[in-house]
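The values are calculated or read from the model by the stated rules, or taken from the named source; none is laboratory data. Predicted model only: the values in this text are computed from it and were never measured. Positions of Cβ are backbone-derived with ideal geometry, glycine not excepted, and every protein chain shown enters the neighbour counts.
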Amino acid sequence: MIRTTNPLVGGRPNGRVPHLSLHLPPEWVSGALCAQTDPEVFYPQVGGSVRPAKRVCAACPVLAECGDYALATGELDGVWGGLSENERRRLRRQARRTGTPVTELGRAAT
Ligand code: SF4
């Protein structure tokens, strides 16, 4: 089963409505490399590797915009902007602790 909220690849896990369906997609979406990739890559099962998704993200022309978006909107699931769920969680904690904008921390991490 495909488990994704990434509007670039479609889907809605756990009955959640993909957040971008509620808004106009940001301009950067048209450059998204994951739109041409198997969506399951971005939502590995528990214990699965995020490396294949990160490889796609590393070559993506909108990596920074995508990472900013996921961090700014509090996206919880999947790999976005080359950042895994755990990495984004850590960055959000660090941002709260230090008062540094989370998008600034995200850009430094990728
Ligand atoms: S950075 Fe990764 S998740 Fe974001 S648009 Fe590009 S390929 Fe998709």
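The number of residues in the range 60-110 that are within 11 Å of the ligand (Cβ to nearest atom) and loosely packed, with under 15 Cβ neighbours inside 10 Å comes to 1.
In this entry, CYS66 passes the filter for residues that are at negative phi and in contact with a strand residue (DSSP E or B) (Cβ under 6 Å, 6 or more places away or on another chain).
For THR5, the conditions (1) surrounded by 12 or more Cβ atoms within 10 Å (Cβ to Cβ); (2) at pLDDT 90 or above all hold with the exception of (2).
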